[in-house]
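Below is one structure, written out as structure tokens; the observations come after it.
The values are calculated or read from the model by the stated rules, or taken from the named source; none is laboratory data. Note that this is a predicted model, so its numbers are computed, not measured. All Cβ positions, glycine included, derive from the backbone under ideal geometry; neighbour counts span all protein chains shown. Side chains included, ligands, DNA and RNA excluded: accessible areas come from the protein's heavy atoms. Shrake-Rupley method; radii C 1.70, N 1.55, O 1.52, S 1.80 Å.
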Amino acid sequence: MIRALPAKDLRAIYPPSKVGCATTETLTATEEIIGQDRALTALRFGLGIREQGFNIYVAGLPGTGRRTAVKKFLSELAKTKPKADDWVYVNNFADPYEPLAIRLPAGKAGELKADMASFITEARRVLPKSFESEDYATKRQEALSKLDTEREKIVVEINGSAARQGFVIQMGPTGLMVIPAPEGRPLAQQEFEALPDEVRAEMVRKREALDPELRAGFRKLRDLDAKVVEVIGALNSEIALYAIGHLLAGLNEKYGKVPDVLAYVESVKKDILANLDVFLAPAPQQQEVPPQFRQWAAKDLAFRKYEVNVIVDNGASEGAPVVFAEIPSYANLLGKTEKEVQFGMLSTDFTMIRAGSLHKANGGYLVIPVLDLFRYPMAWEALKSALKTEKVSIEEPGEQAGFIPTKGLKPRPIPLGIKVILIGTPDISQILNEKDPDYPELFKVRADFDVVMERNDGSAKSYASFICTLCRRSGLRHLDSSAVAKVVEYGSRLAEDRKKLSTRFSNIADLIREADFYAEQEKAENVTVKHITKAIEEKIYRSNLIQQKIQEFITRGVYLIDTKGSQVGQINGLSVMELGDFAFGRPSRVTASVGIGRDGIIDIERQALLGGPTHTKGVLILGGYLANKYAQDKPLSLSAKIVFEQSYGGVDGDSASSTELYAILSALAGLPLKQSIAVTGSVNQKGEVQAIGGVNEKLEGFFEVCKAKGLSGGQGAMIPASNVENLMLKEEIVQAAKDGKFSVYPVRTIDEGIEFLTGVPAGERQPDGSYPEGTVNYLVNRRLQEMADMAKEFQLSLR
């Protein structure tokens with residue numbers, strides 16, 4: 001015979017005397033992560049090991065302190081690590097489409113940028129002056145004079161050879177011309193054509209004979225012109241190096257330990273010497289430039305190629321970088337190349353390369369919310385690629401996907417040394433493990449944050465310390481001991497376990513903030529138990545409109561629920577409805593009808609496509625129970641239909657399977673069931689009643705209906721005995737139990753439950769397989785035997 005639970009078992013009260021303080025103001029604030037020893041151990045390991053692939057997936061529900069724990073660990077650990085290197089992109093003078101990446105010690109990137117800007121500014125100032133000096137003019141004139149003398153000598157030789165053959169050399173519109181000059185006088189074209197044919201032929205012959213000498217002479221002139229260019233170029237380089245040599249030497253000395261910078265400075269020097277005319281040309285006056293182009297002229301585009309683009313500067317950081325990627329899109333992770341409009345066209349260069357989170361966290365730690373990561377196309381694949389190759393490449397998303405193979409910048413990849421921490425829920429980790437073969441290789445460490453911890457005096461004190469920290473940090477009123485005790489009980493309610501406390505501290509913090517609001521309205525010095533209670537009640541009130549509507553419909557008889565009397569094949573079942581962050585219990589009438597047939601148990605919810613797979617499984621188990629208990633000596637010739645009456649939404653879960661079984665047994669035995677008792681619990685094929693979820697919400701939902709219809713003292717609910725540990729009911733129900741107006745009954749087997757609901761002994765199987773006469777099982781077995789006999793007779797009559 002099952003008995004009602006004593007009132008003390010309906011809620012685990014935490015005495016305020018155990019809190020150990022009058023108010024939380026006297027406590028010491030804590031920065032420790034509470035109740036997550038397993039996760040913290042995993043974090044210590046994952047953050048400490050540096051081998052490839054040991055990145056971390058932090059799994060847990062929101063509000064369990066995942067982000068806080070990661071932030072705390074990283075802030076402490078990063079300070080003990082060396083600063084990460086700086087990175088800059090500079091122009092690749094050999095191939096401008098592939099900018100060069102240069103690694104620098106922390107803090108040196110900004111210095112290099114400033115030094116190069118200063119160098120170019122000074123070069124633009126001193127070079128024009130150097131080429132305007134008298135010394136340069138003298139050296140240039142000396143070099144040209146020597147070459148002019150040599151040129152005159154060659155010209156004299158050419159003219160002498162031509163004169164001996166009766167020709168002269170003159171400058172024409174297309175270059176040097178060889179003109180016939182018999183007796184030293186050049187002939188005009190008309191005069192030449194008037195000469196006798198023999199004379200003209202002779203002149204042509206002499207002209208052809210003169211060609212080799214003329215070509216040799218002209219070749220000497222061309223070589224001399226090239227020599228002029230070479231000499232002037234060498235002189236210009238000499239003067240330029242003299243002017244800027246000390247500047248270059250200063251750069252080489254300062255960055256002598258960075259070979260890439262030395263190579264870059266050398267390439268800058270060569271480019272300046274090859275493009276001295278750019279430095280020597282006067283800057284255009286603003287009024288000389290058309291208005292629509294003045295903004296571009298002001299940018300000194302010709303000198304932009306000498307700039308240094310700093311993409312990562314760790315000079316001001318303390319230790320290794322820690323980056324939280326709040327918007328982990330493809331471009332924000334891997335960087336991007338910006339575009340600007342010039343003269344009606346989009347253009348870009350290395351100065352518009354922008355760093356991504358991977359660049360900024362390189363040498364340190366990158367934290368990414370995994371759900372946000374999956375919201376952006378290609379971001380997950382790009383992250384995996386960077387981790388696998390250990391380098392980060394900046395590419396256009398379209399090009400990376402193979403859609404837009406246009407020519408553009410391809411910055412040199414940067415070596416990547418980073419620890420990535422993903423923060424997400426356990427189900428996302430499970431999906432990745434099953435569907436993505438790269439995930440287990442790249443994220444080998446999992447840190448699981450639990451949603452509950454043990455409830456004891458130590459954890460209660462940790463709750464109080466957390467409350468103290470929250471009040472001081474947020475400027476809230478401190479809680480007295482009664483309020484702290486109530487918060488501890490609220491933690492057990494959230495955990496749905498009287499021996500556990502919830503670790504979803506965001507929910508606890510929200511409750512305390514709301515209670516502080518009500519305390520402020522009352523001008524109270526501290527938050528007390530009544531403020532906590534009011535905060536809980538008001539939070540429910542803001543969300544329970546639908547629950548109130550359903551209870552109103554039940555009270556007015558729109559939804560048919562009986563809370564007194566007895567009915568055959570009818571029972572009150574309990575279910576939970578969830579509306580966002582609010583869940584409440586809804587009583588439902590469950591009915592069963594039986595007849596002769598071979599259909600077994602028919603789930604009307606499933607036939608109407610309203611039943612979920614778990615509910616269907618629970619119904620199928622009922623058939624196994626009936627077959628195991630009553631069909632050992634006869635076929636089960638039964639067609640039973642069960643349904644949740646007035647249920648127009650989906651039904652899932654197996655928590656009503658015992659309820660449905662009681663209705664079927666009642667219909668078979670013809671015994672009425674108590675309508676004052678609501679039932680919840682799943683069942684197995686052996687008839688054992690199993691634990692279910694949402695037991696508190698279910699009981700409170702039925703209690704509200706009974707209260708609205710009038711508490712008679714005989715009302716209550718029957719729950720699995722294994723759910724007693726989960727009871728954290730409202731104080732109102734606890735008081736009703738003390739007053740004998742509402743009871744909760746634990747049950748372990750179907751026999752116990754049916755005996756209590758009908759008031760008739762269940763009856764145990766006898767050695768011969770029969771049941772004691774007059775018991776529930778006897779009546780059910782007899783009815784099933786009658787059905788089997790009638791089905792057999794019906795089949796014989798059809799033959």
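Observations on the structure shown:
- Charge dipole magnitude, Cβ of K and R +1, D and E -1 - segment 79-175, Cα centre, debye nearest 20: 420 debye
- For segment 569-711, the Cβ-based charge dipole about the Cα centre amounts to some 480 debye (Lys, Arg positive; Asp, Glu negative; other atoms uncharged).
- Per residue value of the accessible surface for segment 230-272 (all protein chains in place, 1.4 Å probe), Å²: 52 Å²
- Positive-end ranking of SER506, PHE644, PRO328 along the dipole of the chain, with charges on Cβ about the Cα centre, is headed by PHE644.
- Cα pair distances in segment 669-748, grouped into 5 Å bins until the bin that holds the longest one, percent each: 3, 15, 26, 24, 18, 10, 4, 1
- Extension gain for the segment GLU434 to GLN52, taken as residue separation times 0.36 nm less the Cα-Cα distance, is 135.4 nm to one decimal.
- Less than 5 angstrom separates the built amide H of GLY612 from those of VAL651, ASP652, GLY653, all sequence-distant by 5 or more or on a different chain.
- Stretch gain in nm, segment LYS523-LEU371, where the contour uses 0.36 nm per residue and the Cα spacing is subtracted: 50.5 nm
- Carbon plus sulfur fraction of accessible area for the chain, probe 1.4 Å, in percent: 52 percent
- Listed pairs LYS81/LYS254; LYS435/LYS500; LYS129/LYS305; LYS486/LYS738; LYS71/LYS388 exceeding 28 Å between Cα atoms: LYS435/LYS500
- For segment 531-615, applying the loop criterion from DSSP together with a ceiling of 15 other beta carbons within 10 Å to the trypsin sites (Lys or Arg not before Pro) yields ARG556, LYS564, ARG598.
- Highest mean first, the peptides 246-255, 322-331 sorted by other C-beta atoms within 10 Å per residue fall in the order 322-331, 246-255.
- For the chain, adding -39500 (n - 2.57) for each run of n ≥ 4 DSSP H residues and dividing by the number of residues yields -15000 deg cm²/dmol at 222 nm.
- In this structure, ALA302 and THR30 have a Cβ-Cβ separation that, at R0 = 51 Å, corresponds to a calculated FRET efficiency of about 0.25.
- Angle between the chain longest axis and helix 657-669 axis [Cα atoms, degrees, rounded to 10]: 30 degrees
- Most tightly packed first, judged by the mean number of other beta-carbon atoms within 10 Å of their residues, the peptides 505-515, 40-50 read 505-515, 40-50.
- Computed lengthening from MET352 to ARG215, 0.36 nm per intervening residue step minus Cα-Cα distance: 44.0 nm
- Computed from the C-beta positions of ARG124 and GLU150, the FRET efficiency with R₀ = 45 Å rounds to 0.80.
- Kirkwood Rh in Å, taken over segment 36-132 so that all alpha-carbon pairs contribute: 18.2 Å
- Solvent-accessible area per residue for segment 80-183 (1.4 angstrom probe, square angstrom): 57 Å²
- Over segment 203-259, the reciprocal of the mean inverse Cα-Cα separation, the Kirkwood hydrodynamic radius, stands at 15.3 Å.
- This model, with +1 at the C-beta of Lys and Arg and -1 at the C-beta of Asp and Glu, gives the chain a dipole about its Cα centre of some 1780 debye.
- Most positive-pole-ward Cα, VAL370, LEU301, ALA117, against dipole of the chain from beta carbon charges: VAL370
- For the chain, the longest principal axis of the C-alpha atoms and the axis of helix 426-435 are separated by about 60°.
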